[in-house]
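Taking it in order: structure first as structure tokens, then the write-up.
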Amino acid sequence: MATRVFWNNTDPDDPLARALQPPFDESLEERAVRIRQQEEAARVSKEIDEEIAVARKAYERRKRAIKILLLGQAESGKSTTLKNFQLQFSPQHFGKERAAWKTIIQLNLIRCIKRLLEALQEEWESSLQTTTASSIAKGKGVAGRTPTTPGVRFSTSPLNDHHRRIRMRLSALLPIEDELMRKLLPDNVSGGRDVCVRAGSGWKGVLAALSSNSSTLDVPRNPQPPPLVSAMKGASRPGTGNSQFKDKDNPSAVLAACRDDIVTLWEDTVVQAVLKKQNVRLQDMPGFFLNDAGRVAAINYEPTDDDIVRARVRTLGVEEHHFTMENGALPGTEWYIYDVGGSRSVRQHWIPYFDDVQAIIFLAPLAFNLTLEEDAKVNRLEDSISLWREVCQNPLLSKTTLILFLNKMDILQATLAAGIRVAKYVPSYGDQPNDVQHVTKCANVSRTLSAAAAHRFV
């Protein structure tokens, strides 16, 4: 029979004491269980208190941190500005992300190659003709290419079988792009011509691990092409001489195998003439690396700082970047920079961040002859001016420092040098001189948009 321990209530008038005291008939076993439960509850309570203390310190530290919001339409240069900022003031943090950017740069290159192959296919399809008896008699078509039998389809394109073979071999890169994009965006959200990632998905960690695994593969000094490329070049059958490329999803390996074809096709004068004829300027694509294909497609490629700054990736959602200032005027200061989407469908998400930042950097690209990707009827420059006006007139930002960056000056200078008139694309520009000074003056409308001009910097 269990031994009972009886307790005397020393203060019968205290209701709290009566509620907390153990039962009068508590046994030794029950007492041991109760004590263990009390000790466990005390341990959990202590952990909660410690977590609250840590959260309070983090909150106080975050309150002291500098918080900046990057605003601007899509492709305005927000991510590039952020990377330049990190490179200048937090180079160690910038360097830790180098492995992740390697895969993004390779994807950028593959996207450019894909667009190049599409342009060549469009050229072949548009140049197809069908022979007739009259065309044979008149000798129409490219010299030596017109068939002598009526009803036969032939091409008048300057592209030949050599270009066609290279195009077929480079098609081996397309599955690589699809596989990498599935890893970045499992829900298969289309990003158009951009490489897209979802904010908060840990995409940099995924790509860093992928790049690390790729770099540890046993790749020979002179890599052989993957199976599809080998078959087209007349090499051994797939699976017989390419064991070193068992991982077909390794972008470094496949790019290295296709490097010579990429460089040859891009530098071909006939291909350049076709692109000019179709008015396709791959140089204007975000994340353009075809001029560096020989270096980027090398098996031992490591991104330079300039490569990372030029790399293009579109973030879906709001991305928070947290780092500590390593040098400059405020070393040791913590910074939070919010990179928000700029497309029209996500601009309503800007407002919740307005009341918790010390400064807003607004980027306005000066490419006046371009339109929005989501609405081809809206001019980019006019859209930027309209957005800047809304930001300046928002009452939530009356005490916030606003900084206007007139971005992509090099594109503006090249466009004006080509003789393109601003008024053709921006009717409100009127008959002002077609030069850099007047265009930038037109874009700088900050002083006329808000009474709080002291907080506006251009």
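Restricting attention to the stretch 9-59, report how many residues are of a type in the set (A, V, I, L, M, F, W, C) and within 52 Å of the chain's Cα centre (by Cα).
Residues in the stretch 9-59 being of a type in the set (A, V, I, L, M, F, W, C) and within 52 Å of the chain's Cα centre (by Cα): 9 in total.
Criterion first (polar (S, T, N, Q), more than 23 Å from ILE68 (Cα to Cα) and assigned to a helix (DSSP H, G or I)) does GLN413 satisfy it?
yes
Going by the structure shown, is ARG153 within 30 Å of TRP101 (Cβ to Cβ) and either in contact with a strand residue (DSSP E or B) (Cβ under 6 Å, 6 or more places away or on another chain) or modelled with pLDDT of 60 or more (or both)?
no
Take the residues of the stretch 421-433 that are surrounded by 13 or more Cβ atoms within 10 Å (Cβ to Cβ) and among the hydroxyl-bearing types (Ser, Thr, Tyr): which is modelled with the highest pLDDT?
Per the criteria, the residue is TYR425.
Is there any pair linking a residue in the stretch 348-369 that is over 28 Å from VAL426 (Cα atoms) to one that is assigned to a helix (DSSP H, G or I), with Cβ under 7 Å and at least six apart or on different chains, and which?
Matching pairs, first to second residue: PHE354/LEU396; PHE354/LEU397; ASP355/LEU396.
If you go through the stretch 434-455 one residue at a time, do you hit one that is surrounded by 15 or more Cβ atoms within 10 Å (Cβ to Cβ), modelled with pLDDT of 85 or more and outside any helix (DSSP H, G or I)?
Looking through the stretch 434-455, at least one residue is surrounded by 15 or more Cβ atoms within 10 Å (Cβ to Cβ), modelled with pLDDT of 85 or more and outside any helix (DSSP H, G or I).
Looking only at the stretch 340-388, how many residues end up being of a type in the set (Gly, Ala, Ser), buried (at least 20 other Cβ atoms within 10 Å of the Cβ) and assigned to a loop (DSSP other than H, G, I, E, B)?
3
Out of LEU396, LEU416, which single residue is on the phi < 0 side of the Ramachandran plot, surrounded by 15 or more Cβ atoms within 10 Å (Cβ to Cβ), not assigned by TED's automatic domain parsing to the domain that holds GLN283 and not acidic (Asp, Glu)? Give the steps one after another, and end with the answer.
Values: LEU396 fails: surrounded by 15 or more Cβ atoms within 10 Å (Cβ to Cβ).
The match here is LEU416.
The values are calculated or read from the model by the stated rules, or taken from the named source; none is laboratory data. Since we're looking at a predicted model, the values are computed, not measured. Please note: Cβ atoms are built from the backbone with ideal geometry, for glycine as well, and neighbour counts cover all protein chains shown.
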